[in-house]
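Scroll down for the structure; my scribbles are underneath it.
Read-outs: derived from the displayed coordinates by stated rules, not from any lab. In this text, all values refer to a predicted model and were calculated from it rather than measured experimentally. All Cβ positions, glycine included, derive from the backbone under ideal geometry; neighbour counts span all protein chains shown.
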Amino acid sequence: MHNRIVSRDEWLMARLGLLKEEKELTRRMDEVARKRQEMPWVRVDKEYRFDTGEGSARLEDLFRGRSQLLVYHFMFGPDYKAGCPSCSMIADGFDGFAVHLANHDVTLSAVSRAPQAKLEAYKRRMGWTFPWVSSYGDDFNFDFNVSITEEQQREGGVEYNYRRGDHPLTAAQVPEPVARFAASCGTDGRTYMRDRPGMSAFAIEDGVVYHTYSTYARGLDGLWGAYQWLDRAPKGRNETGIWWRRHDEYDQPSLPTHHSLQQAGG
């Protein structure tokens, strides 16, 4: 069933009512964004090491000469054969705005536990160029609560999204959608669930690195560009389950070709 059909005047009245709520939401979002920038900073004294494909790098090196660093914690564990489909859908937008961030004193980089060779191969498959480094063998993912050990998974009581307890991803039974995602990554459900998504922000001043912000789970919704468009589509997210895939796995191209557009236009 489609929505009720009304006159243009009735539609305009409804739109103006919604506009009032949208403006209230925008002002609230501005307020929350301001509070993010007012968060206190924590000095990062621990030395982390990453494989960039061009050698070993410290956390401060990932800034690439800029004063701010945004890290996307991309789910790609050492035993995966491909990156998480959800993280891949989010990362599809990175190349488009990374250049704009770079010219605004912000470096965007993805970090995963998989060895660098796997990350590079997957980047080539996806056609991505944004920075992506490996934290394989390092504590970085564990310290920022996006990875757990096999022992922690068995024992439970881990921290994720600022809660400590028995997280669903430590459960003995693997949910069916998670099992499907795990299979698409070439691994089993329990192994897949030892890595989780998130993003973290850092600043550097006088050579000292500070952790300023991290978010996880639904806190990443605003970074999921496709959903921002779907939320404005007539049917919204219109989901009955997990529908998305890596962009090279859809059966048919979703966008019409230039030739088909010409035909449609007569």
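Residues whose amide H comes within less than 5 Å of that of VAL44, counting only those at least five positions distant or on another chain, are VAL209, TYR210, HIS211 (H built at 1.01 Å from N in the peptide plane). Note on HIS247, HIS211, HIS73, HIS100: ascending count of other Cβ atoms within 10 Å places them as HIS100, HIS247, HIS211, HIS73, the fewest first. Taking the Cα of LYS235, stepping 7 Å toward and past its beta carbon, and measuring to each backbone N in segment 1-45: which are under 16 Å? Within reach of a label on LYS235: 1-4. Taking 4.7 Å between C-beta atoms as the pairing limit, the chain has these partnerless cysteines: CYS185. Ranked by how many other Cβ atoms sit within 10 Å of their own Cβ, fewest first, the residues LEU19, LEU230, LEU69 fall in the order LEU19, LEU230, LEU69. Straight-distance candidates among the lysines for linking to LYS20, with alpha-carbon spacing under 26 Å and chain neighbours fewer than 8 residues away dropped: LYS35, LYS235. In terms of surrounding Cβ atoms within a 10 Å radius of their Cβ, SER112, SER184, SER56 rank from fewest to most as SER56, SER184, SER112.
Taking amide hydrogens as placed 1.01 Å from N in the peptide plane, the amide H of MET193 sits under 5 Å from that of no residue at least 5 positions away in sequence or on another chain.
Residues whose amide H lies under 5 Å from that of THR107, counting only those 5 or more places away or on a different chain, are GLN68, LEU69, LEU70; hydrogens are built 1.01 Å from N in the peptide plane. Summarising the label geometry, the points placed 7 Å from Cα in the beta-carbon direction at ALA121 and ARG163 lie 3.7 nm from one another.
Backbone geometry of segment 40-46 corresponds, through the Karplus equation with coefficients 6.51, -1.76 and 1.60 at θ = phi - 60°, to 3J(HN,Hα) couplings of x, 9, 10, 5, 9, 8, 6 Hz, x marking Gly and Pro. Please list, in order, the residues from segment 12-45 whose amide nitrogen is less than 19 Å from a point placed 7 Å along the Cα→Cβ vector of HIS104. Counting only backbone N, you get 26-39.
Given in Å, the Rg to one decimal and the Dmax to the nearest whole number for the Cα atoms of the chain are 21.1, 65. The listed peptides 91-98, 131-138, ordered by packing as a protection proxy, come out as 131-138, 91-98 (highest mean of other Cβ atoms within 10 Å first).
Segment GLU176..ASP251, full-extension length gain: 24.8 nm, with 0.36 nm per residue of separation and the alpha-carbon distance subtracted. Net charge dipole, the chain: roughly 720 debye, given to the nearest 20, about the Cα centre with Cβ charges of +1 for Lys and Arg and -1 for Asp and Glu. Over all distinct Cα-Cα pairs of segment 1-128, the Kirkwood formula returns a hydrodynamic radius of 18.6 Å.
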